[in-house]
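Comments concern the structure below.
The values are calculated or read from the model by the stated rules, or taken from the named source; none is laboratory data. Quick caveat: nothing in here was measured; it's all calculated off a predicted structure. Every residue, glycine among them, receives a Cβ derived from its backbone with ideal geometry; neighbour counts consider all protein chains shown.
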């Protein structure tokens, strides 16, 4: 009899904590607005016009082959990195409609890969639809990852990209939380 009462009491305090934790992770992981990301962009951006955004862009940044436009776009699409060499590659951006963007990777003039993004224009940027992953392994672990990306053009026509990558995890069973880790990436890719 005592065991049943203790179990009922444990359920009554654990369930509200779990619901609160899930709600907190969901709200915090999705609260980055495009305006907050736009403030992180150190470049002056022109007003958005889809035809300005269309074109070919260098994939490399300062001869660093680990940092590339394709890597940033892939991370925005799939929430993970891909082994990729940016050597002698370009990325062509096409905006077929006001809610779609297509990025195509070319190496030495040959098409290698393509990504389709859903999103929309907000202010001076095209905002790629946020990618989120939520991993509920209750009661052991609750984890969340998210990527929000905005792209636009600077005054010289180069592509500006601002991306926020965030992750958080907690363990309701152990009553621990790692907090929220966030990284903001800003980059400019030269128009070809």
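Go through segment 70-101 and give me each residue that's under 17 Å from residue 158 (Cα atoms) and assigned to a strand (DSSP E or B).
89, 90, 91, 92, 93, 94, 95, 101 - these are the residues of segment 70-101 that are under 17 Å from residue 158 (Cα atoms) and assigned to a strand (DSSP E or B).
Going by the conditions given, is residue 154 modelled with pLDDT of 90 or more and out of contact with any strand residue (DSSP E or B) (no Cβ under 7 Å at 6 or more places or on another chain)?
no
Answer yes or no as to whether residue 145 is part of a strand (DSSP E or B), at pLDDT 70 or above and over 18 Å from residue 35 (Cβ atoms). Can you show your working first?
Numbers: part of a strand (DSSP E or B): yes; at pLDDT 70 or above: yes; over 18 Å from residue 35 (Cβ atoms): yes.
For residue 145, the condition - part of a strand (DSSP E or B), at pLDDT 70 or above and over 18 Å from residue 35 (Cβ atoms) - is met.
Considering every residue within segment 76-86, establish whether at least one is surrounded by 13 or more Cβ atoms within 10 Å (Cβ to Cβ), over 21 Å from residue 186 (Cβ atoms) and at pLDDT below 95.
Yes, that holds for at least one residue.
When you look at residue 39, is it over 17 Å from residue 116 (Cβ atoms) and modelled with pLDDT of 80 or more, yes or no?
Numbers: over 17 Å from residue 116 (Cβ atoms): yes; modelled with pLDDT of 80 or more: yes.
Criteria met by residue 39.
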